[in-house]
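Okay, so here's the structure we're looking at.
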Amino acid sequence: MKKNWTKYLYGTVIILVEGKHAERFLNYCLHNGIQLWDIKRKKDNELELNMFLEDALRIKTGLRKSGCTFKVLKKKGIPFLLKQIISRSGFVLGIGLFLVIVFLLSNMVWNIQITGAQPKTEHHLRKIIDELGIEKGKLLFMLPDVRSVQHLVTEKMDEVTWVGVTLEGTTFHFRVVEKELPEEVETLSPQNLVAKKEAVITKMYVEKGQPKVEVNQTVNEGDLLVSGYIGKDKNTKTVAAKGKVYGEVWYVTDTTVSLTSKYNTYTGERTTKHYVSLFGWRIPIWGFDSIEYKLYEPLIETKTFRFLKWELPVYYIQKDILEAEKVTRSYSEADAVSIAKEMAKEDLENKLDDDAEIKSGKILHHTLDNGKVNVSMHFTVIENIATEQPIVGGD
């Protein structure tokens, strides 16, 4: 006997067989491979029984030979369900169309909210959002993911410190933190300005306080540059010394560059595959070509489908397979030294203040060891060497 789920799949009927020789009908079914079950005698000349729909189409001969008739009492299974659906196709089509419309509306941008931005900044942000294709009525799975949007927006806006991007339902929220120059607060506590490192003074801009050094003078770390004491004798008072003292400072850096380096680079060829993930099962829907690249890197982007306010266990997955190749780059010793110089300068610039200036740089020495060039560089930098030092007990 077939299992219950196969009964539902193939369809079954409950029939009532009437006739004096109903048993002959049972024997006919038995000899011809017609499966019967749940056979019940209702009256002396009536039998109620279950059979598959496909077998019900083969019993006419058995009924004629046994002199019986039959009547269908009940129909069950997918074939009958499909027949009902077809007979009510307009209603089913309407429900299906309604669900599709609700699904699309649930995965569409309905609102874009921006908070924390001044009108000028908001106008600039909306212009960038439009360039990214984020607008009302656009399907969410056709847009970049939230992390990419946040990165692109922040990168294009110099006037902001941070832009937070979230997607809540069908609404994009942009939270902006603008750059603000802090108001200078007058320091009330008396202080001196002292040298924070050894240097030769090149120029000074003193707003408050008494200068204690001169241009071209060499100072050591901790030496007094600008005093917070002003006036003479009994008229002496303390103030918060303020200004900038620039000095010529020296740095020595060590950099290493390999003569031979290996790395992967993209060739520009790619294969894109599209999937729908349903309850964890990944079903391919486009891009069935096999991957023929010897070396490649996959980039996977996943987007969630929604229905009203709920996230569905259904995802759209785009998988880009980027062809890569191994590249070996070789440098001459002279090229490696030149690259090391640029690397050392860039590394030093990242450590200096914005108003610092690299005046010059020269190679102290370089060595070649195990396929690597080691370069020692000497840099001369002009930078502000003044730092604050509170005057203890100052009035």
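What follows draws every value from the coordinates through simple rules; no lab data is involved. Predicted model, so just to flag it, every value in this text is computed and none were measured. Every residue, glycine as well, gets a Cβ built from its backbone with ideal geometry; the counts of neighbours run over all protein chains shown.
Could the peptides 378-384, 96-102 be put in order, highest first, of the mean number of other beta-carbon atoms found within 10 Å of their residues? Don't skip to the end; give the middle numbers.
Values: 378-384: 18.0, 96-102: 10.6.
Ranked from most to least packed, the peptides come out as 378-384, 96-102.
If you average the alpha carbon positions of the stretch 135-181 and of the stretch 206-263, how far apart do those two centres end up, in angstrom?
Rounded to whole Å, the Cα centres lie 43 Å apart.
Please report, largest first and rounded to whole Å, the three semi-axes of the ellipsoid equivalent to the stretch 111-178, where each semi-axis is the square root of five times an eigenvalue of the C-alpha gyration tensor.
Output for the stretch 111-178: semi-axes of 18, 12, 11 Å.
Which whole number of Å³ per residue matches the convex hull of the alpha-carbon atoms in the chain?
Numbers: hull volume 119.1 nm³, N = 395.
Spread over its residues, the Cα hull of the chain gives 302 Å³ apiece.
Mind checking which of Val314, Val72, Val206 has the largest fluctuation in a GNM of the chain, springs on alpha carbons under 10 Å?
Residue with maximal mean-square fluctuation among Val314, Val72, Val206: Val72.
Given the options Asp353, Asp233, Asp130, which has the most mean-square fluctuation in a GNM of the chain, springs set between C-alpha atoms less than 10 angstrom apart?
Sorting by GNM fluctuation, first place goes to Asp233.
Using a 10 Å cut-off on Cβ atoms, rank the peptides 358-370, 210-222 from the highest mean neighbour count down.
Values: 358-370: 11.5, 210-222: 13.5.
So the order, starting with the most tightly packed, is 210-222, 358-370.
Loop only per DSSP, at most 10 neighbouring Cβ atoms within 10 Å: give me the GluC sites (Glu not before Pro) in the stretch 267-348, ordered by residue number. Before the final figure, lay out the partial values.
On the way: sites: Glu269, Glu292, Glu301, Glu311, Glu323, Glu325, Glu333, Glu342, Glu346; in loops: Glu292.
Those that pass, being in a loop and sparsely packed, are Glu292.
Name the most mobile residue of Val146, Val13, Val239, meaning the one with the largest mean-square fluctuation, in a Gaussian network model of the chain with Cα contacts below 10 Å.
Of the options given, Val13 has the highest mean-square fluctuation.
What is the magnitude of the charge dipole of the chain about its Cα centre, with +1 placed on the Cβ of each Lys and Arg, -1 on the Cβ of each Asp and Glu, and no other charges, expressed in debye to the nearest 20? It would help to have the intermediate numbers written out before the result.
On the way: 55 positive and 53 negative charges, 921 e Å.
That gives the chain a dipole magnitude of about 4420 debye.
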